[in-house]
Structure formats: structure tokens, C-alpha cells
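The values are calculated or read from the model by the stated rules, or taken from the named source; none is laboratory data. All values reported here derive from a predicted model rather than from experimental measurement. Cβ atoms come from the backbone with ideal geometry, glycine included; neighbour counts cover every protein chain shown. In case anyone asks, the SASA skips ligands and DNA or RNA and just uses the protein heavy atoms, side chains included. Shrake-Rupley method; radii C 1.70, N 1.55, O 1.52, S 1.80 Å.
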Amino acid sequence: MAKTIHILNGPNLNLLGKRQPEIYGAETLADVEANCARLGAELGLTTALFQSNFEGGIVEMVHRARDEAQGIIINPAAYTHTSVAILDALNTFEGPVIEVHISNVHKREAFRHHSYVSLRADGVIAGLGIQGYELALRRMATLLA
Ligand code: CA2
């Protein structure tokens, strides 16, 4: 049976492609979903993309992934830098976790340089635009082979 990857997205990423294209690009979260579904099919992986503007919503998405997914790709957005709750939830997930940031957080404000989620992530991609999600999916295929 095809392995399932959940792609979790945090606050404001529903606005991707609609605001601040100079930082986050012109493509939308629907484009990310379509690109990952297409590549997932090539790699033999089923993908499902979710987004929440709420910290607890992301925690619950991780709980759902515990039952339904073999791997998590997560862009926790601003909660990357603040959320022990999301880190704690990810620590209950047994499969691989890859953290993705569209922008290069290390080139930005100092408060974006620390990530709680990186304490759990098996890999981190930053600054490669939305292509980072597809690169994370390729790595998932390797990790789950
Ligand atoms: O670069 C990333 O992917 C971030 O996770 C994006 C977060 C930011 O807080 C992190 O430091 C880095 C912000 C997401 C906001 O997304 C928007 C997209 C389009 C328009 C406005 C916001």
C-alpha cells in the first residue's frame, strides 16, 4: 500500500501567492498541494495537505498524522519560533519529520533564527521557495524506502 505523507502548514500560509510575493513568491498553497500530489504519485507516495491558523489546530493535525501518515512535512510558519506545544506533539510521532520554510529564515530577523521544531525535525529546508516542499517529499521517499 502507498505510504501517506501529511504536509502541515501554519498561520497565514493560506495567503501564499496573494500577499508579499517578494518574500514568499507568487504561487499559492493550492499550487503546493498540486505539485506535491503530482510528485507523490511519481514517487509512490500519497500526499494530503492541511493548513491551520491556530496553534491547537496544528497540534491536532499532528495527532491525526499519528494515525494516518508515515511521514510529516511541516511548515509551522510563525509557530516555528514559539511553539513548545507543536514540538511536544511532533515528539509523539514515530516517523520522519521534515521542516520546510519557503524563505531563508537565517537571512531574516534574529527571532526567526531559532526553531523549536528543528529539535525534532530529521531535516530542515529553508529559502528554496515552494520547491522546498517537493525536495522534502523526495527525501521522504528515500527515508521511507
Ligand atoms: O519562510 C517560511 O516559510 C516561514 O515559515 C513563513 C512564516 C514566517 O513567520 C516564518 O518565519 C518563515 C510566515 C508565513 C506567512 O505567510 C504568508 C504568505 C503570504 C502572504 C503573507 C504571509
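Listing for the model above:
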{"quantity": "Reduced Cα scattering model of the chain, Debye log10 I(q)/I(0), q = 0.15, 0.16 Å⁻¹", "calculated": "-0.67, -0.77"}
{"quantity": "Neighbour net charge for residue 141 - beta-carbon separation under 12 angstrom, K R +1, D E -1", "calculated": "+1"}
{"quantity": "Charge context of residue 78, other residues only, Cβ under 13 angstrom, K/R +1, D/E -1", "calculated": "0"}
{"quantity": "Förster-model FRET efficiency, 22 Å R0, residue 41 and residue 68, C-beta, rounded to 0.05", "calculated": "0.75"}
{"quantity": "Accessible-area ranking of 60, 55, largest first, probe 1.4 Å", "calculated": "60, 55"}
{"quantity": "Simple spin-label estimate for residue 143 and residue 15 in nanometres, 7 Å along Cα-Cβ", "calculated": "3.0 nm"}
{"quantity": "Compactness index (Cα Rg / 2.2 N^0.38 Å), region 50-95", "calculated": "1.03"}
